[in-house]
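Written below as structure tokens is the structure these notes are about.
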Amino acid sequence: MPSGKKARGRKNRAKKTADQREQWEPTIVLRDNGASNSTADSSCKHLLAVLPPIPRAGPVVSLMNHMAGEGYFDRTKSFAGVRPADVLMRSLRYFLKVQEEESERSLAINLLLRFVRNVFVHDSSVEGEKWFHQCPFNEGLVCAMIKMLELLETCSDGTALAFRAHSINMKFAGGNRRDVVKFVAKRLPCTCLKKLRNATRKTLEKVGMCCNCLRYFRRSDLYVCTGCNIAEYCSRECQRADWSKHKRILR
């Protein structure tokens, strides 16, 4: 007979997995189905294709649970002192099937897009005007993960992917909600999301972060590196100061 210690271990692992799944699955399924509950009250009849079946287990479910454990879906989670790009790369490192198989990547992208879309629609309705002016750090991480999964279709170089992860996250998680709402709205045909994008364009200006001093500026005041067309700087001085690190990426 199995020992009581092993049985308790299996029970604890099963509970942990169920708790992690609870952080993302209801947000996707209940709101997409228009269920009548406290988390779905602010959703609309979204113009979306049928939600693909979510397996009980598998690479994508494991990735989603891992992301839940890392705090991607928890707005109260603090990533202070941690490079978000490291969080992204570490998350992908454990899930080779998601990286390598197009069907797994497609399912992961689909679920993550629906999750963040439902969060945007619900939270903006509940929180009103203040929602527009909050830093979208966690939602930005989710959007950065989606973009990285898309990039895996054409990019296999780990160093280049890590740099893109850092740059993408600075744009999404470090700016305002204008960029993240635009990113999701371009990928999902949702009426509410389209209205929300129009609202962010009227309410928020385009901002970006200098890759050296890490301060925020209007995007029109930033200079883009002509070598990578990704990194942005507020001045030539900042670009020169960052050159010793940045040039390694361009080789």
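Read the figures in this text as sums done on the coordinates, not as results from a lab. Just so you know, these numbers come straight off a predicted model, no measurement behind them. Ideal geometry is used to build each Cβ from the backbone, glycine not excepted, and the neighbour counts take in all protein chains shown.
The table that follows gives values for the structure above.
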read-out	value
Contact order relative to length of region 91-218, as percent, for alpha carbon pairs under 8 angstrom and 6 or more apart	25
In Hz, Karplus ³J(HN,Hα) per residue of region 113-118 (6.51, -1.76, 1.60; θ = phi - 60°; x = Gly, Pro)	4, 5, 4, 5, 4, 5
Difference of contour (0.36 nm per residue) and Cα-Cα distance, His66 to Lys186	40.6 nm
Separation in nanometres of the label points that stand 7 Å from Cα toward Cβ, at Arg90 and Lys195	4.0
Where Cα atoms sit under 16 Å apart: lysine pairs in region 92-251 separated by 8 or more or lying on different chains	13
Which of Val181, Val98, Val61 has the fewest Cβ neighbours within 10 Å, and the rest in rising order	Val61, Val98, Val181
